[in-house]
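Before I ask anything, let me first share the structure, which is written out below as structure tokens.
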Amino acid sequence: MALLMQCWVCVITLSLTMTTSHALQRISLKKMPSIRETLHEMGVSPAQLFAELAQKSKDDLSPSNGTAPTPLTNYLDTQYYGEISIGSPAQMFNVVFDTGSANLWVPSYSCSPLYTACFTHNRYDGSKSRTHIKNGTGFSIQYASGNVRGFLSEDVVVVGGIPVVQVFAEATALPAIPFIFAKFDGVLGMGYPNVAIDGITPVFDRIMSQHVLKEEVFSVYYSKDPMHKPGGELVMGGTDPEYYTGTFNYMGTSETGKWEVSMKGVTVGEDMLFCKEGCTAVIDTGSSYITGPASSVSVLMKTIGATELAEGGYTVNCDLVKSLPSVTFHLGGHEYSLTEDDYILWQSQFGEDICSVTFRGLDVPPPTGPIWILGANFIARYYTEFDRRNNRIGFATAV
């Protein structure tokens with residue numbers, strides 16, 4: 001069976017190489033309501049729902065069984081998902097392309113009925129794939145709300161038209177909170193191999209090994225236009241000039257094997273208020289908002305006159321939005337500013353305008369933290385290239 005699958009993939013890959021060698025491969029990204037927005041629509045308070053889980057996260061932040069927990073907030077505000085297929089014939093899944101992790105997991109058809117979240121999503125059924133190879137090794141990712149557990153399998157995964165033979169996880173235990181509210185099925189990690197659980201080779205590394213990409217890079221574009229279809233695009237092999245103006249500015253990753261860079265300060269208006277002695281900034285496609293140390297974000301919110309909501313998050317008076325200061329991140333000798341248009345989200349609730357601030361407080365303890373996480377609202381302003389070959393990240397002003 002393994003030999004049959006390898007032969008099948010070789011044929012497909014050879015065909016792809018002959019027609020698209022050194023080409024850009026694209027995955028359309030759809031923008032959907034985040035888990036937090038879904039909870040609001042249901043009248044459920046995220047703060048109440050996650051208060052105990054947040055405390056549990058603080059208590060459990062030491063690695064367990066070689067697996068460090070991923071903060072729950074990573075996917076609370078995620079809005080962008082792309083489609084991949086697994087197996088033959090193809091079984092389709094919406095996944096978050098997450099630079100903060102390096103494994104691929106999707107819900108399994110073998111998921112227990114006790115885990116309701118499995119049954120609100122597409123599930124992989126290995127028995128229906130002629131290229132499925134059983135592995136069976138146990139798998140676990142620790143989240144603040146509990147573990148995503150399951151077992152490993154191997155099959156053909158197609159991303160952006162490129163097929164690879166990939167080991168991935170079938171999730172058989174999926175915490176209801178928060179995944180029952182998620183619009184995505186699973187997660188495809190775009191991180192480095194050294195952060196992959198169980199030493200599994202990541203999907204993007206498999207793709208690079210086929211030498212079908214123009215360059216060993218991928219770039220992420222998120223449209224700022226809510227009416228734009230699709231909501232964004234993941235481009236493998238390079239960048240698309242139609243998505244930016246000017247040139248890219250590059251800076252090396254601060255730690256080999258992680259999509260993070262050294263930041264030299266955060267300025268609000270004309271005043272540098274945070275990270276004066278330098279800090280770490282993680283460039284995270286798995287988060288829609290910007291997070292920083294809770295104390296720093298609290299000061300920032302007071303500076304712009306924001307009000308904290310009982311259910312979590314911050315709002316400002318919509319009449320004052322145009323007078324809000326810019327927030328500037330100092331990265332690699334360049335300044336990357338977000339205006340009020342970039343960090344204020346206009347929403348309507350019960351017929352009234354609500355202006356939400358897209359900053360969140362998140363304390364990550366040493367040695368990993370404290371950190372700032374620059375998510376989708378930063379990437380929407382600055383088209384971002386992730387360069388694996390040169391271990392660097394590039395930013396250009398998005399159009």
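Consider region 274-316. How many of its residues are among the β-branched types (Val, Ile, Thr), more than 13 Å from Phe378 (Cβ to Cβ) and not in a strand (DSSP E or B)?
4
Moving on. Looking only at region 268-304, how many residues end up being crowded, with 20+ Cβ neighbours inside 10 Å, in contact with a strand residue (DSSP E or B) (Cβ under 6 Å, 6 or more places away or on another chain) and of a type in the set (Val, Ile, Thr)?
6
Something else now. Which of the following residues is over 26 Å from the mean Cα position of the chain (by Cα) and not aliphatic (A, V, I, L, M): Gly305, Gly332?
Gly305
In addition: Among the numbered conditions (1) surrounded by 24 or more Cβ atoms within 10 Å (Cβ to Cβ); (2) within 20 Å of the chain's Cα centre (by Cα); (3) of a type in the set (A, V, I, L, M, F, W, C), tell me where Ile141 comes up short.
In the conditions (1) surrounded by 24 or more Cβ atoms within 10 Å (Cβ to Cβ); (2) within 20 Å of the chain's Cα centre (by Cα); (3) of a type in the set (A, V, I, L, M, F, W, C), Ile141 misses (1) alone.
Yes or no, residue by residue, for (1) buried (at least 20 other Cβ atoms within 10 Å of the Cβ); (2) part of a loop (DSSP other than H, G, I, E, B):
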position	(1), (2)
Asp342	no, no
Ile354	no, no
Pro367	no, yes
Ile373	yes, no
Phe378	yes, no
Phe386	yes, no
Asn390	no, yes
Phe395	yes, no
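Count, please, the residues in region 244-258 that happen to be farther than 13 Å from Ala281 by Cβ and buried (at least 17 other Cβ atoms within 10 Å of the Cβ).
Result for region 244-258: 2.
On the given criteria, is Phe179 modelled with pLDDT under 95 and of a type outside the set (Lys, Arg)?
yes
From the residues in region 144-163 that are more than 20 Å from the chain's Cα centre (by Cα) and crowded, with 21+ Cβ neighbours inside 10 Å, which one is farthest from Leu234 (Cα to Cα)?
Taking the candidates together, the pick is Gly150.
Another question about this same structure. If I filter region 189-211 for residues that are in a strand (DSSP E or B), surrounded by fewer than 21 Cβ atoms within 10 Å (Cβ to Cβ) and in contact (Cβ under 8 Å) with a residue 40 or more places away in the chain, do I get at least one hit?
Among the residues of region 189-211, not one is in a strand (DSSP E or B), surrounded by fewer than 21 Cβ atoms within 10 Å (Cβ to Cβ) and in contact (Cβ under 8 Å) with a residue 40 or more places away in the chain, which makes the answer no.
Same structure again: Looking only at residues that are of a type in the set (Val, Ile, Thr) and not in a loop (DSSP other than H, G, I, E, B) in region 212-239, which one is farthest from the chain's Cα centre (by Cα)?
Val217
Kindly indicate which of Ser295, Ser254, Ser262 is over 17 Å from the mean Cα position of the chain (by Cα), more than 27 Å from Met190 (Cα to Cα) and not charged (D, E, K, R).
Ser295 is the lone residue from the list that is over 17 Å from the mean Cα position of the chain (by Cα), more than 27 Å from Met190 (Cα to Cα) and not charged (D, E, K, R).
Might you check whether a residue that is in a helix (DSSP H, G or I), touching a helix residue (DSSP H, G or I) at 6+ places or on another chain (Cβ under 9 Å) and not basic (Lys, Arg) occurs anywhere in region 104-117?
yes
Quick test of your reading of the structure: Phe329 fulfils all but one of (1) part of a strand (DSSP E or B); (2) surrounded by fewer than 18 Cβ atoms within 10 Å (Cβ to Cβ). Name the failing condition by number.
Checking Phe329 against (1) part of a strand (DSSP E or B); (2) surrounded by fewer than 18 Cβ atoms within 10 Å (Cβ to Cβ), the one that fails is (2).
Sort out which residues of region 105-121 are within 10 Å of Gly186 (Cα to Cα) and β-branched (Val, Ile, Thr), and write them in order of number.
Listed by number, the list holds a single entry, Val106.
The values are calculated or read from the model by the stated rules, or taken from the named source; none is laboratory data. Since we're looking at a predicted model, the values are computed, not measured. With ideal geometry, Cβ positions are generated from the backbone for all residues, glycine too; neighbour counts draw on all protein chains shown.
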